[in-house]
1. Would you be able to tell me the number of residues in the range 559-608 that are assigned to a helix (DSSP H, G or I) and either among the aromatic types (Phe, Trp, Tyr) or touching a residue at least 60 places away in the same chain (Cβ under 8 Å) (or both)?
2. Mind checking whether some residue in the range 508-520 is among the basic types (Lys, Arg), surrounded by fewer than 17 Cβ atoms within 10 Å (Cβ to Cβ) and at negative phi?
3. Take Asp470 and decide whether it is open to solvent by less than 70 Å² (accessible area, probe 1.4 Å), more than 29 Å from Pro634 (Cβ to Cβ) and touching a helix residue (DSSP H, G or I) at 6+ places or on another chain (Cβ under 6 Å).
4. Looking at the range 151-166, which of its residues are closer than 21 Å to Leu56 by Cα and either part of a strand (DSSP E or B) or open to solvent by 10 Å² or more (accessible area, probe 1.4 Å) (or both)?
5. Against the definition (surrounded by fewer than 17 Cβ atoms within 10 Å (Cβ to Cβ), in contact with a helix residue (DSSP H, G or I) (Cβ under 9 Å, 6 or more places away or on another chain) and touching a residue at least 60 places away in the same chain (Cβ under 8 Å)), how does Asp537 come out, yes or no?
6. Taking the range 240-260, which residues are open to solvent by 70 Å² or more (accessible area, probe 1.4 Å) and over 16 Å from Leu292 (Cα atoms)?
7. Residues in the range 292-311 that are outside any strand (DSSP E or B) and closer than 16 Å to Thr240 by Cα: how many?
8. Going through the range 219-239 one residue at a time, which ones are assigned to a loop (DSSP other than H, G, I, E, B), surrounded by 15 or more Cβ atoms within 10 Å (Cβ to Cβ) and not hydrophobic (A, V, I, L, M, F, W, C)?
Amino acid sequence: MSKRTILRCDGSLEAGFQVILEIREAAESRPIDKEQKRLSSVFTEATGALPPAIELLELLTNWQQHYLGSVGITRISLENIGTRLGTLAESDRCRQLAKELQQALANWLASAQFQPIEQRLRETLTVQEPVEVLLRTNDPRLHRLPWHLWDFIERYPQAELSIGGAPESIVQPELPHHQVRILAILGDRQGIDIEADRQLLASLPQTDVVFLVEPSRQVLHSHLWEQAWDVLFFAGHSNTEQQQGRIHLSAGESLTIEELRYGLRRAIDRGLQLAIFNSCDGLGLAYELEQLHIPQSIVMREPVPDRVALTFLTQLLGTFAGGAPLYTAVRQARESLQGLEGEFPCASWLPVVFQNPAVPPLTWLALQGNSIAIPDPLPPAPPQTKRRLLFWAISAIATSFAVTGLTIGIRYFGLLQPWELTTYDTLMRLRPAEQPDDRILIVEVTEADVVAQKQARETSRGSLSDESLDKLLTELQRHQPIAIGLDIYRDYPANKAYPALVAKLRDPDSSIVGVCKVSSREAGDIGVAPPPEMPLDRLGFSDVIGDPDLIIRRHYLSFTPPTSSPCQAPYGLSVQLALRYLANQGINLEFTPQKAWKLGKLQFAPLEAHVGGYQKDDALGHQILLNYRSSPTPLDLATRVTMADVLAGKFRPEQIKDRIILIGTTARSFKDYVLTPYTTVEGNLREIPGVILQGQMVSQLLSAALEGRALIGNWNFAQDSLWIWGWAMSGGCLVIWLRRPLYLGLGTGIAILILAGSCLALLQRGYWVPLIPAAIAIVGTQGILTLIRRSDRLEN
């Protein structure tokens with residue numbers, strides 16, 4: 001769709017102008033009835049200014065004087081100019097003054113105050129789309145300047161300037177018809193030849209032309225009043241006096257527009273769309289017709305020689321009737337006059353369109369009434385537009401592929417991993433809260449419990465003495481839990497002074513699961529041995545996998561310990577406890593032919609190297625992402641009681657029966673704390689004890705196996721690549737559709753918000769999909785296409 005650019009200049013050449021720019025989508029050219037709204041919607045605007053231009057005014061006046069002496073016989077009234085024969089000296093001087101005027105106009109339009117207008121035009125419009133530039137001003141001298149030489153008009157081949165100043169009004173034509181009705185007035189022809197004008201009009205296709213040769217005022221008024229017309233044409237002598245136009249019907253009779261006011265107004269009300277005055281000095285005619293709200297008129301700004309007038313009319317009617325929009329036809333016809341400027345200086349400066357801003361661009365088809373009332377939502381693009389669309393489509397696809405490939409390559413080498421992990425943590429914290437897991441009870445050995453044991457003179461090599469452990473296990477087993485996880489290192493035998501404790505630890509049918517540590521990445525750490533009394537099938541390792549930032553995001557399920565390690569437990573403590581609980585529900589661990597784990601509703605494969613956001617870290621053993629139970633803090637996983645409360649009986653029996661009990665220290669002095677994604681930079685959420693982390697792991701397995709709660713997994717390489725490319729393409733489409741930087745910025749922000757929201761929604765369903773790579777792809781594609789568009793504008 002074409003654009004209508006309205007340039008409103010308020011002021012004068014002596015005082016300067018305040019300039020307001022509006023750019024609108026021009027409405028489709030089609031028959032219009034009373035229900036159709038014809039005002040175009042403003043979608044961008046800018047303000048600027050033009051400084052006083054006294055020198056420009058002086059050059060304009062000087063050029064006009066020499067122009068009249070250089071062009072010979074014209075279609076201005078003979079009594080105003082007599083018979084002028086141009087001389088070579090006058091023509092040369094006219095051309096020189098024209099160059100000076102052109103340079104002065106260019107300097108004026110290059111003023112700093114006017115640059116916001118220039119910049120907005122070039123940002124918003126492309127060189128391929130049709131553009132109507134409508135100049136509206138209250139200083140009529142501005143209309144006589146050669147605006148068509150403005151650098152913007154020159155650079156935009158489908159742009160053409162028109163003039164307007166009347167209030168916007170809606171014209172109501174009659175019902176559609178199939179021939180263009182033309183009222184052609186052939187006026188006073190003394191000293192000029194207008195017979196060629198008549199022949200041109202008569203040869204037009206699909207027209208009904210009525211010729212009035214030197215008509216009387218009464219005859220002209222009668223035709224205007226009684227019949228409906230699409231086009232009013234005049235050829236003959238005319239001139240402007242004090243901003244009032246006058247046409248000469250014959251040697252003895254002339255009329256102003258005011259004297260034809262009622263007839264013209266009736267013709268306009270009945271559908272008159274276009275007035276063409278192929279005569280001299282027609283600005284006054286256009287001013288008065290504008291007050292009657294005629295949609296469009298074409299006039300000559302200065303006296304016009306016969307050959308210039310005929311050449312312009314020939315090109316105009318041929319192009320317009322051939323299907324080109326009126327603005328395109330006027331521009332082509334105006335530019336064709338340059339070939340005559342060797343004989344007639346500045347001939348291409350003369351034609352100008354006056355445009356009612358409320359009226360859509362005019363076409364010959366619309367005058368015939370053959371266009372449908374409501375245009376197709378996607379009308380066929382002209383060949384040049386199709387080529388441009390193909391160019392941009394290919395550019396967007398190629399650029400998006402290139403950016404996607406580069407992003408995937410950068411990601412493969414782990415350069416994006418820190419950003420992806422940080423974003424992953426943010427999304428984890430944004431998930432809605434979940435209820436605590438009531439299948440788990442955490443028994444904390446607090447700092448107060450440690451102090452109490454020392455005060456009671458209990459012998460202890462760690463946080464829990466044999467005496468306290470014996471009492472604690474006795475009390476817990478009395479209420480029949482399914483499993484008890486002892487998340488406290490005991491690499492030493494129990495004191496023989498507590499035979500009941502030794503028996504509990506050695507009992508092969510006991511529900512107690514002990515813990516040991518295989519190794520760590522720290523130099524010299526070979527691990528921690530298990531309690532000597534406990535068999536291998538009741539042991540679980542406590543090893544966790546910390547990322548480079550020490551945050552725990554993964555869950556170690558099993559691996560084969562090195563033979564040098566004192567801990568040979570094949571499964572993690574959390575797995576041992578979950579398997580015992582699930583076995584009580586009739587669910588046992590199975591393996592699929594593809595080596596995937598299967599527990600009830602839960603089936604999953606372990607993480608592999610170069611999958612998802614993890615590109616640099618190892619994927620040893622069987623590990624999965626840890627789907628923390630979402631809550632204000634990870635500490636709210638389950639009910640927590642202290643060892644002192646248990647020994648004092650301050651609990652409800654149902655909190656223990658058929659539950660999993662985890663015993664571990666929360667005393668800060670033992671430094672058994674880890675970082676989680678819920679730990680913020682500000683420190684609002686602190687580390688959690690290792691026993692709570694074990695509880696999170698147990699809860700993840702139970703919830704997934706029994707309730708189908710999603711584990712967090714990754715897409716494969718192809719799915720990730722397609723996702724990143726899709727967002728790269730969306731960024732490219734935004735560049736093509738949104739040309740203004742402000743709109744493009746807003747569109748990009750909305751796209752990234754949609755991307756983040758989609759990633760959060762998918763994470764809640766168990767999919768960790770690329771956010772940072774996709775955002776980089778959006779911005780990268782946009783950046784390259786923006787550079788291509790700027791380069792394309794400069795070349796054009």
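1. In the first step, residues of the range 559-608 are kept if they are assigned to a helix (DSSP H, G or I); the result is 573-584.
So of that shortlist, the ones also either among the aromatic types (Phe, Trp, Tyr) or touching a residue at least 60 places away in the same chain (Cβ under 8 Å) (or both) come out as 573-578, 580-582, 584.
Residues that pass the stated criteria total 10.
2. No, the range 508-520 has no match at all.
3. Working: open to solvent by less than 70 Å² (accessible area, probe 1.4 Å): yes; more than 29 Å from Pro634 (Cβ to Cβ): yes; touching a helix residue (DSSP H, G or I) at 6+ places or on another chain (Cβ under 6 Å): yes.
When the stated conditions are applied, Asp470 passes them.
4. Asp151, Glu154, Leu161, Ser162, Ile163
5. On the way: surrounded by fewer than 17 Cβ atoms within 10 Å (Cβ to Cβ): yes; in contact with a helix residue (DSSP H, G or I) (Cβ under 9 Å, 6 or more places away or on another chain): yes; touching a residue at least 60 places away in the same chain (Cβ under 8 Å): no.
Here the answer is no, as Asp537 does not meet what is asked.
6. If the condition is that a residue be open to solvent by 70 Å² or more (accessible area, probe 1.4 Å) and over 16 Å from Leu292 (Cα atoms), then Glu241, Gln242, Ala251, Gly252 are the ones that fit.
7. 4
8. Passing the criteria: Asp230, Gly236, His237.
The values are calculated or read from the model by the stated rules, or taken from the named source; none is laboratory data. As the structure is a computational prediction, the values presented were derived from the model and not from experiment. Don't worry about glycine lacking a Cβ; one is built from the backbone with ideal geometry, like all the others, and counts go over all protein chains shown. These accessible areas exclude ligands, DNA and RNA; they are computed on the full protein's heavy atoms, side chains included. Shrake-Rupley method; radii C 1.70, N 1.55, O 1.52, S 1.80 Å.
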